[in-house]
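Engineer: Attaching a single structure in structure tokens format; questions to follow.
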Amino acid sequence: MVMLLIFLVCSQVLLYEIMSSDLADPLYWMRLILASNCGMLMELGISPIITSGMIMQLLAGANLVEVHSSLKEDHALFGGAQKCAPFILGYRTLKTFLLTKILVFTLSISLGHAAVYVLTGFYRQPKDLGASICLLLIIQLVATALIVILLDELL
């Protein structure tokens, strides 16, 4: 219940220096699928989680990451690699250290998504916003993506 409340609050809080607009949203249908909300903290929605999961599946399918699905430990490790369990648990073993690298991978995807949104002028032209506001918007989007990743881990 608390997780849903956190998600809903993030879906209603505007990003700093971004005004709500009644203009047509070109990404409306994608937002329905990715649980995102235009101009709000939840702008990225679950897209970083989905993207990192697809890349992990691609790496496993191309045998660049060796996963033995018959072993319960490997299956659990691969499932956890797409989430952020080691971020919460810390570096207790080498496996959690490797899984933390996957969390960094997911957050770097979030950073990439946020940078593309801000620097391509999705809100306003970056020169109109200024460098500090652009950086603040990127930080807000990445921090909210981290919250979504943690909420996903709680489920």
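A short reminder: the numbers here are calculations on the coordinates, not readings from a lab. Just so we're clear, the structure is a prediction, and the values are computed from it rather than from any experiment. When we count neighbours, we look across all protein chains shown, and the Cβ atoms used for this are built from the backbone with ideal geometry, even at glycine.
Engineer: Highest mean first, how do 6-17, 134-145 rank when packing is the count of other Cβ atoms within 10 Å averaged over residues?
Structural biologist: 134-145, 6-17
Engineer: Using only the alpha-carbon atoms of the stretch 1-68, report the extent along each of the three principal axes, biggest first, to the nearest angstrom.
Structural biologist: Principal extents (largest minus smallest coordinate, Cα): 48, 31, 21 Å.
Engineer: Non-local amide H neighbours of Met40 (under 5 Å, H modeled in plane, Pro and chain starts lacking H): which ones?
Structural biologist: The list, which skips near neighbours in sequence, is Leu15.
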